[in-house]
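Written out below as structure tokens is the structure these notes cover.
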């Protein structure tokens with residue numbers, strides 16, 4: 001098993017009631033596995049079908065393979081400026 | 001006869017050695033008549049064939065008819081900004 | 001100078017940005033300010049709260065500054081973005097670009113603000129005159145609507 | 001505000017322009033500065049002297065400010081142009097525009113500077129590092145060359 005940190009922001013943090021969640025996953029898991037875990041949690045029905053994602057501060061596809069300690073961010077529509 | 005004032009600026013004032021010239025013309029004269037008069041003066045060979053012109057602070061064609069007291073400006077290539 | 005990108009909670013001071021981009025070979029300076037306005041989509045706004053994924057936002061802002069410098073051929077470029085609670089008419093973002101020629105200064109400035117809005121992980125929650133607050137989805141609907 | 005256009009001999013103060021265009025409904029502010037650079041067409045420049053057909057230049061600047069306000073739908077627009085002797089890095093022209101939306105602020109700013117350069121009767125004489133001075137013809141040759 002390995003552990004990754006999931007970061008949630010803005011409306012997504014409100015939806016899941018948390019801004020950071022630690023998730024345990026089998027070695028070799030991908031971002032898609034993180035999303036499957038997240039979607040079982042209360043409030044996850046308020047996430048869109050395919051949110052933007054980042055791994056270790058870079059945008060990444062849902063197929064991205066993770067390693068122990070990775071930081072996965074689920075990114076709401078950005079609204080800077 | 002009527003009298004008009006001709007204004008010269010920048011390189012054109014340098015060319016003719018004056019920034020303001022009073023010219024007497026027959027009633028009904030146009031800007032073209034002003035230019036004919038100007039071209040007889042020393043230094044006028046340094047004016048281009050068809051300079052920009054203004055009458056009473058507005059761009060005007062060489063065919064513009066003049067009246068007593070009009071102010072005719074011969075405008076070098078503008079270089080504001 | 002080298003291109004700068006800063007994410008911070010202090011008031012943005014345009015004079016600081018203008019000084020930073022000055023250089024003897026520059027003939028054009030362009031300063032863009034995005035400011036908090038009192039109305040959005042017909043609703044009265046009293047202020048905006050900006051939040052971010054700060055490490056990634058800083059990284060993306062820096063990348064945009066460097067990419068713009070290379071693409072538009074000038075090192076004289078500063079981007080600042082505010083975080084926290086902003087009142088009406090406060091600047092949330094400032095972009096200063098200086099360049100020998102104005103055409104590229106305009107293009108660089110416009111490119112930077114569009115890239116920033118496209119990819120920097122910053123979010124805003126508008127506070128409305130009726131006392132409610134909502135996360136803004138710039139794609140045209142409020143976050144509340146998206147998730148219903 | 002109503003659009004403003006000023007031709008003057010004082011230093012241009014960007015803060016004054018930014019204050020003038022501020023308004024509660026504006027979400028974007030754009031400030032353009034044209035500044036004296038130390039090199040032009042490969043020649044070292046030490047300063048520029050600006051002169052004008054002042055009454056007509058003021059009239060044209062005012063017309064451009066009003067036309068831009070109507071065309072881009074904002075009254076919050078200021079144009080200032082310096083006259084007299086300017087040192088390196090001093091601003092010869094400043095254009096501030098504020099607008100609810102950034103797209104039109106960029107377009108208005110760019111339109112104003114292009115119109116100004118096209119039609120306002122202002123001239124400049126560059127002073128060079130070799131001690132000479134020449135009236136500038138922006139069509140690409142010096143006035144001296146034109147008349148030869």
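Taken together, the values in this text are just the output of simple stated rules run on the coordinates, not laboratory data. All figures in this text were calculated on a predicted structure; none of them were measured in a lab. Here the Cβ positions follow ideal geometry from the backbone for every residue, glycine too, while neighbour counts run over all protein chains shown.
Would you calculate a helix-derived [θ] at 222 nm for the protein assembly as shown, using -39,500 (n - 2.57) for each DSSP H run of n ≥ 4 and dividing by the full residue count, to the nearest 500? Calculated mean residue ellipticity at 222 nm is -8500 deg cm²/dmol.
Relative to the longest principal Cα axis of chain D, at what angle does helix D:102-119 sit, 0 to 90 degrees, rounded to 10? It is inclined by approximately 40 degrees.
How many percent of all Cα-Cα pairs in the protein assembly as shown sit more than 29 Å apart? For the protein assembly as shown, the share of Cα pairs beyond 29 Å comes to 58 percent.
If neighbour count is taken as other Cβ atoms inside 10 Å, put B:67, D:45 in order from fewest to most.
Details: B:67 12, D:45 18.
Exposure proxy ranking, most exposed first: B:67, D:45.
Peptide D:33-40 is shielded by partner chain Cβ atoms: per residue, an average of 6 of them sit within 10 Å of its Cβ. Restricting the calculation to Cα atoms, every distinct pair contributes to the Kirkwood radius of segment C:26-68, found to be 13.7 Å. Bridges between two residues of the protein assembly as shown, per DSSP, are antiparallel at a rate of about 85%. Other protein chain C-beta atoms within 10 Å of residue C-beta, averaged over A:5-11: 5. Considering only beta bridges that DSSP places wholly inside chain A, some 75 percent are antiparallel. Highest-first packing order for the peptide set A:2-13, C:64-75 is A:2-13, C:64-75, based on the mean count of other beta carbon atoms within 10 Å. Normalised by residue number, the volume inside the convex hull of the Cα atoms of chain A is 85 Å³ per residue. Between identical copies, the spacing of residue A:45 label points, each set 7 Å from Cα toward the C-beta atom, reads 9.3 nm from nearest to farthest. Whole Å is fine, so just give me how far the alpha carbon centre of segment D:6-74 lies from that of segment C:96-125. Cα centroid to Cα centroid, the span is 21 Å.
Packing-based ranking of D:25-34, B:17-26, A:47-56 yields D:25-34, A:47-56, B:17-26, ordered from highest to lowest mean Cβ neighbour count within 10 Å. Taken over the alpha carbons of segment C:12-145 as equal point scatterers, the Debye sum produces base-10 log I(q)/I(0) values at 0.09, 0.10, 0.11 Å⁻¹ of -0.29, -0.36, -0.43. Tell me, what is the percent relative contact order of segment B:41-81, built from C-alpha pairs under 8 Å that lie six or more residues apart? Contact order relative to length: 41 percent. Panel note: the C-alpha atoms of segment C:1-45, placed on their principal axes, show extents of 45, 24, 15 Å (largest first). Taking all Cα pairs closer than 8 Å and separated by 6 or more residues, the relative contact order of segment D:1-120 comes to 41 percent. Take each residue of peptide C:110-123, count the partner chain Cβ atoms within 10 Å of its Cβ, and average: the result is 5. Between 0 and 90 degrees, the angle of helix C:54-72 with respect to the longest Cα principal axis of chain C falls at about 40 degrees.
With contacts defined as alpha carbon pairs under 8 Å and 6 or more residues apart, what's the relative contact order of chain B in percent?
So the answer I get is 41 percent.
Both numbers refer to the Cα atoms of segment C:44-86; Rg and Dmax are 13.6, 41 Å.
Using the empirical formula 2.2 N^0.38 Å as the baseline, the Cα radius of gyration of segment D:24-101 reaches a ratio of 1.32. Relative to the globular-protein estimate of 2.2 N^0.38 Å, the Cα radius of gyration of segment A:36-81 stands at 1.24.
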